[in-house]
């Protein structure tokens, strides 16, 4: 339905109008009021109907949002179950508690990485290397984050410590600013997976 348009009223009479002009303007103005009132009522009904439609649409969107959130929760639960079935630890989003190194959790020099820990790595002063745990078990992980966004300038080198990384016998160089990786030990043949 198109938006109803309220027509302009003819000019109203004024005291300056002469008798016959005043009467003509008054008659025309009063005669037009009936049509103007009907159009004003049409516009009011249109606005009310539009408001009701907005309320209906908002309720439908809220219902869809609830359905999406429910589906997302089910997907998260399924992903956690699949990860557990594969023998992998749950990721942090599924409620895993990650230990931190020290009060501020920031390292700026080489330390022996320990499984189940998150490290904020500050290479702003200089590049450095960190060795992965020596004897990891399947599902063990470490989390490394570029604390100040300086990995591109000063790389962090993750030493494989005798195990493979992504199936290769090579150390892993983190060289992108603000890079954040979880390394999870998968198997002797694959070694550490980068996530």
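Read the figures in this text as sums done on the coordinates, not as results from a lab. All values derive from a computational prediction rather than experimental measurement. Cβ sites come from the backbone with ideal geometry, for glycine too, and all protein chains shown count toward neighbours.
With contributions of -39500 (n - 2.57) from each DSSP H run of at least four residues, the per-residue ellipticity at 222 nm computed over the chain stands at -13000 deg cm²/dmol. For the listed peptides 30-42, 124-136, 174-186, 55-67, a ranking on the average number of other beta carbons within 10 Å per residue, highest first, reads 174-186, 124-136, 30-42, 55-67. Taking the longest Cα principal axis of the chain as reference, the axis of helix 19-85 is set at about 20 degrees. The Rg/Rh ratio of the chain, with both radii computed over alpha carbons and Rh defined as the Kirkwood radius, is 1.55. Direction-averaged projected area, Cα convex hull, the stretch 92-194: 6.1 nm², rounded to one decimal. Counting only DSSP beta bridges whose two residues both lie in the chain, roughly 50 percent are antiparallel.
For the stretch 1-85, what Kirkwood radius comes out of the mean inverse Cα-Cα distance, in Å? Computed over Cα pairs of the stretch 1-85, the Kirkwood hydrodynamic radius comes out at 18.2 Å. Each peptide in 139-149, 3-13 receives the mean, over its residues, of other Cβ atoms within 10 Å, and ordering these scores from highest gives 139-149, 3-13. Beta bridges assigned by DSSP with both partners in the stretch 92-194 are antiparallel in approximately 50 percent of cases.
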